[in-house]
Amino acid sequence: MRRKLIVLAGSAFALVFVFTLLAGAGDSSAPSSDSLVILHANVIDGISDAPLKDATVVVVNGHIQSIGHDTAQTAGAAQVLDLKGKWLLPGFVDAHAHIGDLASARRAMRSGTTTARDMGVNHFADIGIRELNHAGVSDVPDIVAAGYHVRPHPADEFFLDFPQLADLMGGVHSAESVRRMVRAMASRGVNVIKVMATQRAGLPETDPRLREFSDEELNAVVDEANKAGLRVAAHAHGDEGAAAAVRAGVHSIEHGTFLSDGTLRLMKEKGVYFVPTIATVQDLIDPGGDYDDPILQIRGRAMMPRVREVTSKAWKMGIKIVAGTDTGYLPKSNRRIPDEIVEFVNVGIPPMDAIKAATSVAAQCLGVEKRTGSIRAGYEADFVIVDRNPLDDIRNVQDVLIVINNGRIAVNRLNP
C-alpha cells in the first residue's frame, strides 16, 4: 500500500512522497518476499528515444527498484513474470477523461489507463476514486480530480453539493462568481480547475466556436486557482476563447479544434500543453459510442480535418502534445487512450513520441511526473504490456495484455 502527500505551492504542484514499507528500494540487494520481478521485457520507458531490450525490472512494495539485465534478482521474489520478449510500457495517462463511477474506472484500467485526469463528473466521484486508489485499491486508476466545470450555467448536481451557492443557479456571470466556484471546488480537495472557455462540441444545441467567459472572468479563474495552488485546464474549441484562456495563464488547452497560428505561437511562448482529443471527434462521426446524433456526425466531419491539422502544426512548432480521450469509459464508449496514440501517429507524430504523449508528457501536464508516467527506479510500478513492438506498428498499443497498477497485476489476459 502507498500513501501520498501532495503539497500545492503557487501555480505548480510540489510533490512529496511518503513511501511506506519500502526499506532497501533502489539498492542492488535481492528483492524482498513482497516483490515482483519481470523478466525478458522489451522496455519503452517513456523517456528514452530507444527501447531497452531483454530487460529485467524489479518491483518492491509497489515501486520500481531497478531496471537492468540481472536475472538473478528472481531469488526470493514473491512473483516472477516472464514476458518472453513482449513489450513493457509505462501505464497510460489519460489527461482528459470523465470517469464517474467504479465500473467506469475499472474499464479504464482494462484499457491500460493507470492514471487519469478527470475533467468533470458529478458529486466528486473523481475524488472518491482517487482516494480508493491511494488506499491501495489496485483495479482503479489514480485520479487527478477537477470536480465540476466552471461554466456559466453549472450542472444541477453542483447545487446539490453546494446549496449555499444557490444564488448562482441564475448564472455565473462575474469575476466574483467564478471565484466562488473555484473556492468551492478547492474546498473539496480537487487537484485542478477546469474552465469552459468555449461552448461544447458534444451537444447539438451548442456552438463550440463561441466563447463562454470574458477576459476578466478567465483572469479571475486563474488567479483564484493559483491562490489555492491549482492549475487550470481550459476547454476551448474556438480560437477566440482559447487565446483568451492562454493570455489568462491556463496550463493546458483541451480540444483546440479551431486554433489559429497566432494562438499556437502564444501557447508555445507560454509553455501551454495541448490536449487535442482527436479520437473523440471520430466518436462524434461514428454511430454509437458516447455520441450518437446526426447533427453531431455532421459537426464531427467538419471538425476532424481541422483538429488533425492543428495537432500536426502544434507538434511541428514544438508545443507539448498530450493524449486524452474525453470519454467516460461507459459501457457504450468506443474510444480508449490507445486510439488517441494511434491518431497522433496518423497526423505525423513519430510512434515513440506518440507513446510519450500518453505517458511521460501527459504526466508532466498533470503534475505527477515525479512519481509516474515513466519506468525508472523509485517510481510507482504502473505498467502496460503489449504483445508486439508498437514502434513497428503503433496499432499494437491497442492490444493490452497485462496492466500492472502500483506493482499489482490488475489485468491479465495471458493467464486469467
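The values are calculated or read from the model by the stated rules, or taken from the named source; none is laboratory data. Keep in mind that what you see is a predicted model, and the values were worked out from it rather than measured. Backbone-built Cβ (ideal geometry, glycine too); neighbour counts: all protein chains shown.
Which one is farthest from residue 343 (Cα to Cα) among residues in region 397-416 that are more than 20 Å from the chain's Cα centre (by Cα) and in contact (Cβ under 8 Å) with a residue 60 or more places away in the chain?
My answer is 408.
Please give the helices (runs of 4 or more DSSP H) falling wholly within region 201-317 in which 2 or more residues are assigned by TED's automatic domain parsing to the domain that holds residue 117 and within 21 Å of residue 185 (Cβ to Cβ).
Ranges flagged: 215-227, 239-248.
Kindly provide the set of residues from region 167-203 that are free of Cβ contacts under 8 Å to residues at least 60 places away in the same chain and under 20 Å from the mean Cα position of the chain (by Cα), ordered by number.
Of everything in region 167-203, those that are free of Cβ contacts under 8 Å to residues at least 60 places away in the same chain and under 20 Å from the mean Cα position of the chain (by Cα) turn out to be 185, 186, 193, 195, 196, 197, 200.
Hey, can you tell me all the residues within region 339-373 that are out of contact with any Asp or Glu (no Cβ under 9 Å at 6 or more places or on another chain) and surrounded by 24 or more Cβ atoms within 10 Å (Cβ to Cβ)?
Result: 341, 343, 355, 356, 365, 366.
Each row is one residue, and each column tells you yes or no for (1) part of a strand (DSSP E or B); (2) within 27 Å of residue 183 (Cα to Cα); (3) not assigned by TED's automatic domain parsing to the domain that holds residue 276.
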residue	(1), (2), (3)
80	yes, no, yes
116	yes, yes, no
123	no, yes, no
127	no, yes, no
133	no, yes, no
136	no, no, no
148	no, yes, no
153	no, yes, no
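Scan region 155-184 residue by residue and report those that are touching a Phe, Trp or Tyr at 6+ places or on another chain (Cβ under 9 Å), part of a loop (DSSP other than H, G, I, E, B) and either of a type in the set (Gly, Ala, Ser) or assigned by TED's automatic domain parsing to the domain that holds residue 405 (or both).
Correct list: 155 only.
Being in a loop (DSSP other than H, G, I, E, B) and either aliphatic (A, V, I, L, M) or over 11 Å from residue 86 (Cβ atoms) (or both) is the filter here, so list the residues in region 370-389 that pass it.
370, 371, 372, 373, 374, 375, 376, 377, 378, 379, 381, 382
Can we say residue 48 is modelled with pLDDT of 95 or more, surrounded by 14 or more Cβ atoms within 10 Å (Cβ to Cβ) and either under 17 Å from residue 359 (Cβ atoms) or of a type outside the set (Lys, Arg) (or both)?
yes
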